Amino acid sequence: MKKFLQKKWIGLVIVVLYAIFTAFFASKQLVPVLQELYPQLAQEAEPFLPITVTDGVITDPQNKVVTKTYEIDEENTFTITLDTRVEELGSLATTGPGMYITKKCVYAVTEAKTTTQCFEAGTTYTITMEDINELVGKLGNWTIKYLFWFLVVGLFVFMYVIILLYTILMHWLLAITFKVPFSQTLFINTLMYILLCVIVWFVQFDIKFLLTFGLLLAVNASICSIVKKQDA
């Protein structure tokens, strides 16, 4: 039992397998949502289009004002405004963070700063709804194609960082009473943390940091006691 607990690679393999398993089911649930979401996002651009830029200036539509405001949360909003009556942001009434489009430039406004990107002189092009649908379609296909692997990597990194934080603190506490290899503490924490995640997912219970730490510490101490008795 002691040799099994001290194998350094087992905990890593378990986290990888858990990340793959979870990502598989999560991606199955997210793909239909994304397939509905991306077309809806594209439709949000329809009131602003088409836009024709000629020699660095919007020539169509002229004298048009379109504003859409999105609620991020109860206190914050994000505004997108197209106003082809004015050439500069100074002539445009802003309502906070957002993206503001004038005849000559696009302004990205945050509470900290304003970033300006002006249309390039000497170029002529038109942005239509078909262009947006094609762009959003490509983005959606790319996201869905690689979603599974994004989830695998993200879950693995997140879980392993959390488990390592628990292990480092717990190993220091266990060392007061037991001479425990770090690999053993890491392995036990990996198994127990994943087991707790599965239980929490089934019972829909919000497990807190201190409760998780206490449970992991109790299990580690129990196993250390059993190993110590076997050695004796």
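All of the numbers you see were taken from the coordinates with simple rules; none came from a lab. Since this is a predicted model, take the numbers as computed values, not measurements. With ideal geometry, Cβ positions are generated from the backbone for all residues, glycine too; neighbour counts draw on all protein chains shown.
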(request) Give the span of segment 50-127's Cα atoms along each principal axis, as three whole-Å numbers ordered largest to smallest. (result) 42, 22, 21
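Please give the length that would be gained between Ile199 and Gln29 if that part of the chain were fully extended, namely 0.36 nm times their separation in residues minus their C-alpha to C-alpha distance (nm, one decimal).
Gain on extension, Ile199 to Gln29, equals 59.2 nm.
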(request) Please give the net charge around Asp83, taking every other residue with its beta carbon less than 9 angstrom from that of Asp83, where Lys and Arg add +1 and Asp and Glu add -1. (result) +3
(message) Just want to confirm a number: the relative contact order over segment 50-127, from Cα pairs under 8 angstrom separated by 6+ residues, in percent.
(response) 33
(message) Rg and Dmax in Å for segment 1-149, alpha carbons only: what are they?
(response) 22.8, 78
(request) List the pair-distance distribution P(r) of segment 137-180, using every Cα-Cα distance, as the percent of pairs falling in each 10 Å bin from 0 up to the bin containing the longest distance, rounded to whole percents. (result) 24, 26, 21, 15, 10, 4
